[in-house]
Amino acid sequence: MRDDKLCTKRNIQPSEELQDLWRTYDDLASRDPDLQLSAAIHFRKLLAQEYNTPIQTMIDLGIVPRLIQLLKFSSSPDIQREVAWALTNIASGTHQQTLLILEQGALSIFIQRLASTSEQAVKSQIVWAIGNIAGDSVQFRDLALEAGAMEPLLSYTRTCIIQSLHSDLAGAAWTISNLCRGRPSPDFTITSKTIPILATLLQTQEETLVDTCWAISYLSDGDDVAIKTLIDAGIVNAIVHLMNHPTGVIPMICTRTAGNMMSG
């Protein structure tokens with residue numbers, strides 16, 4: 001019955017591959033943590049394919065509610081990481097696919113888990129997921145900010161700075177930039193909290209530096225209050241210095257930021 005339903009949605013015939021997917025789904029829905037983990041890894045790998053990523057197939061299979069449930073209730077960090085990773089890949093899909101995981105309540109679970117878990121690998125995946133959601137649209141960006149994503153994100157970023165977790169900092173900077181990006185501009189009472197951390201991130205590696213500069217540029221494209229806050233944080237000198245950076249995109253971003261500040 002369920003095979004026929006999925007095949008109707010996808011306009012395909014039942015196949016051995018489809019039967020394998022259902023068996024894997026049954027493992028994901030089981031109460032056995034080993035089976036849950038194996039299934040989560042399998043689905044995560046399918047969703048990580050570079051081409052023809054089967055996001056809609058996985059949605060039609062019905063795995064999204066179960067992935068969210070496991071992220072919320074599983075006590076296994078490995079399962080949490082894998083299901084968060086799978087949900088991150090789903091959130092990288094179309095607007096409608098991202099909307100579906102929001103309608104299933106994923107955003108609040110992401111934020112709760114980011115704030116509560118001590119597992120760095122789980123947090124790292126959740127940060128990418130929030131970044132995918134915020135980067136989809138201004139509407140989803142505002143939903144993430146209103147749901148309280150910024151505070152645990154900044155706490156995570158501080159930890160990454162203290163522990164010199166450079167690869168994780170790259171994801172944090174990208175997600176911060178997505179939460180600051182777009183018009184109309186996001187609520188500056190929330191995004192202004194990023195400025196001290198962004199000032200610190202200006203001293204970090206180039207991969208992090210690009211998204212940091214973009215975040216500052218987005219903030220500078222605001223009103224006089226936003227520009228004054230950036231100036232008071234001592235960011236101007238760093239931006240001027242980076243206008244001579246050897247990486248082509250960074251001088252361009254910093255020139256844009258300086259222009260925003262001078263015209264404010």
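The values are calculated or read from the model by the stated rules, or taken from the named source; none is laboratory data. Because the structure is predicted, anything quoted here is derived from the model rather than measured. Please note: Cβ atoms are built from the backbone with ideal geometry, for glycine as well, and neighbour counts cover all protein chains shown. The area values use the complete protein model at the heavy-atom level, side chains included, leaving out ligands, DNA and RNA. Shrake-Rupley method; radii C 1.70, N 1.55, O 1.52, S 1.80 Å.
Would you please name the residue that is farthest from the chain's Cα centre (by Cα), looking only at residues in segment 51-69 that are of a type in the set (Val, Ile, Thr) and assigned to a helix (DSSP H, G or I)? Ranking the qualifying residues of segment 51-69, first place goes to Thr57. Looking across segment 126-175, the residues that are open to solvent by 10 Å² or more (accessible area, probe 1.4 Å) and either of a type in the set (Ser, Thr, Tyr) or not in a helix (DSSP H, G or I) (or both) come down to Ser137, Ala147, Gly148, Ser155, Thr159, Gln163, Ser164, Leu165, Ser167.
No other residue among Ala91, Ala129, Ala121, Ala115 is in contact with a Phe, Trp or Tyr (Cβ under 6 Å, 6 or more places away or on another chain) and over 12 Å from Leu179 (Cβ atoms) apart from Ala129. Going through (1) of a type in the set (Gly, Ala, Ser); (2) in a loop (DSSP other than H, G, I, E, B); (3) under 16 Å from Ala129 (Cα atoms) one by one, Ser75 falls short only on (3). Restricting the first member to segment 177-193 and to residues that are on the phi > 0 side of the Ramachandran plot and at pLDDT 95 or above, and the second to residues that are surrounded by fewer than 23 Cβ atoms within 10 Å (Cβ to Cβ) and of a type outside the set (S, T, N, Q), the beta-carbon pairs closer than 6 Å and six or more apart or on different chains are Gly182/Val138; Gly182/Arg141.
Across segment 89-105, what is the total count of residues that are open to solvent by 10 Å² or more (accessible area, probe 1.4 Å), assigned to a helix (DSSP H, G or I) and either under 22 Å from Glu119 (Cα atoms) or in contact (Cβ under 8 Å) with a residue 60 or more places away in the chain (or both)?
Looking only at that region, the number is 1.
Selection within segment 1-47: residues that are open to solvent by 40 Å² or more (accessible area, probe 1.4 Å), at pLDDT 65 or above and not in a helix (DSSP H, G or I). The member of this set that is nearest to Thr57 (Cα to Cα) is Ala29.
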